[in-house]
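Structure first, then comments.
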Amino acid sequence: MLLTLAALAVVLGPLIFVHEMGHFLAAKAVGIQVLRFSIGFGRPIFSWRRGETEYWLSWLPLGGYVKMAGLEDEGVAGGVEGGKSDVPVDPARAFDRQPLWKRTVVILAGVTMNALLAVALYSGLYGTVGAERIATTQIDTVYVSELPAGASAMAALSRGDRIAAVNGDSVTSWNELIERLVTSPLPLALRVAGRDAPLVITLERRKPEARIALVRAIEPLFPPVVQTVGEGTPADHAGFRPSDRVVRLNGEPVVSWSQFTRIVRANPNRRLAVDVEREGRLLTLTLIPTLRSVTDSRTGESAMRGFAGITPLQPVTLERYGPIGAVRAGTARAVRDGRQVLTFLKGLITRDVSLSEVGGPITIGRLSGQAARQGLGPLLALTAILSVNLALLNLLPIPILDGGQVVFLIAEAILRRPLSLGVRLRLTQVGFALIATLMLLVIGREVLGLFSH
């Protein structure tokens, strides 16, 4: 729990800070007076003043704000943003006294900073850690009985079939294939190498569990080659070595690692004659799997099964980039994330996606904790994904969000006069009520989900 909370703070804190810092720096750059810079809402835990600006760390950690001259009376219900500032206001430097282009720059600076943060994080990861991919899209097994409704076409796949594209987008790794199956709009058209007609998957809309079931029902094809042998394990006692290729098991040909694993798990405490190819020679080893709790990498479920203690040689590639290549790859990844967010939002509008798929702070906390346990790289990648989400969600035309403020400016440009303060206040209050209601629904569903589990 402590790791989850710490990871949540590490992920959300910089996102909020960077977003509000964008507004802050842009306002300072164009000469608008900034009265307060706050991380969080409500009254301050800590506060200090430097020059004409107050700096707050506030009690309610659900966002942040930059209070500028000319907007000091437009806060949501006043108290939510901690009330008026004590700093004297310079009317000539008020927000609403500035040209439209300056105000637009300030409003859009927050989402721009979030987008740049995502590109920077991805670029840094590609330039240092690199991009790890399972370099195959070949199918080993399709668990037909586990396929969701509408996915029966997948049963036509055979071991060795290679999926080349999903909805016209080429896939060259298992990571890309899974991502496309989860995020591409329905129906899914899978192009299989060597076949003329695509496989069409028509999953039931507004049911995210159908996509999860689809992904769990397929396994990638790995060759039956040993990568590691655990010391003191049954495989170690049997004489297995790295790079051994399993050829036959109890006289039956073995063509994939999944096939070999299933037989081992189904035969605990039994002698298995395993023919392996080692440096051009054929050897017969006697393997006696022990009975122990084994976690299925496909479903995540644990059960008592036969255990050998070896891992397969997976076709994993690690691609590192130079500075320019890393920036290009980071930008492309951030753009792809953005497209997925837009597709998701479109699905909400067309009711192809259920509101139950919207994650709140509990979901973000859980994902942050999981990423933190995997290491710094996954945690930074999650931060980048959330930064893209924050940027695009803030552009929604809801008055309390940046997108709503842009709508106000567009209306002013069309009418050649600003909307009245009363209209802006009422619309902002409506926007705040809408966002608050949505947050309560999402958080309530998450809390109920915790109790149900």
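Nothing in this text is a laboratory measurement; each read-out follows from the coordinates by a stated rule. Remember, it's a predicted structure, so these values are computed and weren't measured experimentally. So basically every Cβ, Gly included, is an ideal-geometry build from the backbone, and we count neighbours across all protein chains shown.
In summary, segment 134-220 shows an alpha-carbon radius of gyration equal to 0.96 times the 2.2 N^0.38 Å reference for compact globular proteins.
With R₀ fixed at 30 Å, the C-beta to C-beta distance from Y143 to R195 puts the FRET efficiency at about 0.90.
Computed from Cα positions, the angle between helix 376-393 and the longest principal axis of the chain comes to roughly 50 degrees. Per residue, the convex hull spanned by the alpha carbons of segment 182-328 comes to 202 Å³. Expressed as a whole percent, how much of the Cα-Cα distance distribution for the chain exceeds 38 Å? Tail of P(r) above 38 Å: 39 percent of Cα pairs.
Entry for segment 83-142 at q = 0.14, 0.17, 0.29 Å⁻¹: log10 I(q)/I(0) = -0.71, -0.83, -1.12, Debye formula applied to identical alpha-carbon scatterers, no solvent contribution.
3J(HN,Hα) along segment 162-171: 10, 7, 9, 7, 10, 6, x, 8, 5, 10 Hz, from the Karplus curve 6.51 cos²θ - 1.76 cosθ + 1.60 with θ = phi - 60°, whole Hz, x for Gly and Pro.
Determine, for each peptide in 234-242, 191-199, the mean count of other beta carbons within 10 angstrom over its residues, then list the peptides with the highest first.
Top of the packing list down: 234-242, 191-199.
Over the C-alpha trace of segment 226-308, radius of gyration and Dmax come out as 12.3, 38 angstrom. Relative contact order of segment 226-308, taken over Cα pairs closer than 8 Å and 6 or more residues apart, is 28 percent. Taking Cα atoms, how many degrees apart are the long axis of helix 361-374 and the longest axis of the chain, rounded to 10 and kept between 0 and 90? Tilt relative to the chain: about 50 degrees.
Cα axis of helix 2-29 to longest principal axis of the chain: angle in degrees, 0 to 90, nearest 10? Roughly 40 degrees between the two axes. Calculated mean residue ellipticity at 222 nm for the chain: -14500 deg cm²/dmol, from DSSP H runs with n ≥ 4 weighted as -39500 (n - 2.57), summed, divided by the residue count and rounded to 500. According to the Kirkwood relation over distinct C-alpha pairs, the hydrodynamic radius of segment 128-181 is 12.4 Å.
This ranking places R271, R445 by how few other beta-carbon atoms lie within 10 Å of each, fewest first, which gives R271, R445. Rounded to a whole number of µm²/s, how large is the Stokes-Einstein D of segment 398-453 at 25 °C and 0.890 mPa s, given Rh as the Kirkwood radius over C-alpha pairs? It comes out at roughly 189 µm²/s.
What ranking do 222-230, 373-381 get when scored by the average of other Cβ atoms within 10 Å per residue, highest first?
222-230, 373-381
Per-residue Cβ neighbour counts within 10 Å put E301, E209 in the sequence E301, E209, beginning with the fewest.
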